[in-house]
Amino acid sequence: MSDLTELSREELQEKLLRVYSRWYDIDRCEASEEPLFATAEFHEHQTGFALVRKAEMWSADRHEYTYFFSMPELTPEIFEACMEKAKTLGLAKIDPESGHMCSYIAAVFLCDSADPEAVRALKRYRCRKSFQFSLKGWMEIHAAMMERGKDSIVANGDGRNTAKFLKNMLQKKPGKKHKVI
C-alpha cells in the first residue's frame, strides 16, 4: 500500500482496525449506526502479591473503550453528536467497583475534511469524572482526529497519548513522521 496520506477513508478504516485488533477486541457496527463504524475494547488487570499468590495485596483494573467515527466532513454539530454518543456508550460500560483504577473513553475521527470550528472544539474538549472521590477510580475522555490527506493527528489534551498511539501504529516507514497537534 502507498503512503497513509494517499489512502481512501475506507482503506484507512480497515488499516486502523487491523492494527488495533492486535491489542483490542474489535466490534464492527452496522450501517444504521453511521458515522460510528466500529468499537474496540481493551482490559488490563494488575495485582500485587506478598510472597505467595494467595496473599494478594492490591489489584487494579484499567479499561479503554474506543469508538471509531468516519465521515466526509467533520462539522461542529457532528462532532458534538459523536462525542455524546461515545460518552453515553462508554459510561454505560464502566463499572466502578473494587479494583477499578481508571477507564478511558476514546473517540477517533476519520474524515476527508474538517471544519476549523470542529477542530477547535475537539482540541478544547474535556470530560473527566471521579467515582467516590477517586476511591473507586476515575474516567476521562480522549478525542483524536485524522484528516485524510494531511500528515497530522489532532487531539484534545487528554487524547495526546491516543494520538501518539495512532501515530505509532499507522507509521509505515521508520523515517516517516506524522505530527501530533
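Miscellaneous remarks
- Within the stretch 111-132, the set of residues being in a helix (DSSP H, G or I) and among the acidic types (Asp, Glu) comprises just one member, 117.
Residue-wise test of (1) in contact with a strand residue (DSSP E or B) (Cβ under 9 Å, 6 or more places away or on another chain); (2) assigned to a strand (DSSP E or B).
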residue: 38; (1), (2): yes, yes
residue: 41; (1), (2): yes, yes
residue: 44; (1), (2): yes, yes
residue: 48; (1), (2): yes, yes
residue: 54; (1), (2): no, yes
residue: 57; (1), (2): yes, yes
residue: 70; (1), (2): yes, yes
residue: 80; (1), (2): no, no
residue: 83; (1), (2): yes, no
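- Matching residues, the stretch 4-35, being part of a helix (DSSP H, G or I), open to solvent by less than 60 Å² (accessible area, probe 1.4 Å) and not aliphatic (A, V, I, L, M): 5, 9, 13, 15, 20
- Of note, residue 118 satisfies the criterion of being free of Cβ contacts under 8 Å to residues at least 60 places away in the same chain, over 30 Å from residue 44 (Cα atoms) and buried (at least 17 other Cβ atoms within 10 Å of the Cβ).
- Filter result for the condition that a residue is modelled with pLDDT of 85 or more, over 20 Å from residue 154 (Cβ atoms) and either among the β-branched types (Val, Ile, Thr) or surrounded by fewer than 16 Cβ atoms within 10 Å (Cβ to Cβ) (or both), over 84, 56, 44, 73: 44
- Condition broken by residue 104, with the remaining ones in (1) open to solvent by less than 10 Å² (accessible area, probe 1.4 Å); (2) within 13 Å of the chain's Cα centre (by Cα) satisfied: (1)
- Residue within the stretch 57-78 that is over 22 Å from residue 123 (Cα atoms) and among the small types (Gly, Ala, Ser) present: yes
- All positions within the stretch 74-111 that are in contact (Cβ under 8 Å) with a residue 12 or more places away in the chain, farther than 18 Å from residue 147 by Cβ and polar (S, T, N, Q): 98, 103
- Residue that is most open to solvent (accessible area, probe 1.4 Å), among those in the stretch 130-170 that are at pLDDT below 90 and of a type in the set (Lys, Arg): 150
Okay, residues lined up against (1) in contact with a helix residue (DSSP H, G or I) (Cβ under 6 Å, 6 or more places away or on another chain); (2) touching a residue at least 12 places away in the same chain (Cβ under 8 Å); (3) over 30 Å from residue 57 (Cβ atoms):
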{"position": "72", "(1), (2), (3)": "no, yes, yes"}
{"position": "113", "(1), (2), (3)": "no, yes, yes"}
{"position": "136", "(1), (2), (3)": "no, yes, no"}
{"position": "144", "(1), (2), (3)": "yes, yes, yes"}
{"position": "162", "(1), (2), (3)": "no, yes, yes"}
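- The one condition in (1) exposed (fewer than 15 other Cβ atoms within 10 Å of the Cβ); (2) closer than 20 Å to residue 61 by Cβ; (3) at pLDDT 90 or above; (4) not hydroxyl-bearing (Ser, Thr, Tyr) that residue 95 fails to fulfil: (3)
The values are calculated or read from the model by the stated rules, or taken from the named source; none is laboratory data. Computed from a predicted model, the values in this text were never measured in an experiment. Neighbour counts are summed over all protein chains in view; Cβ atoms, including those assigned to glycine, are modelled from backbone coordinates with ideal geometry. The protein model used for the area step is the full one, side chains on, heavy atoms only, and it has no ligands, DNA or RNA in it. Shrake-Rupley method; radii C 1.70, N 1.55, O 1.52, S 1.80 Å.
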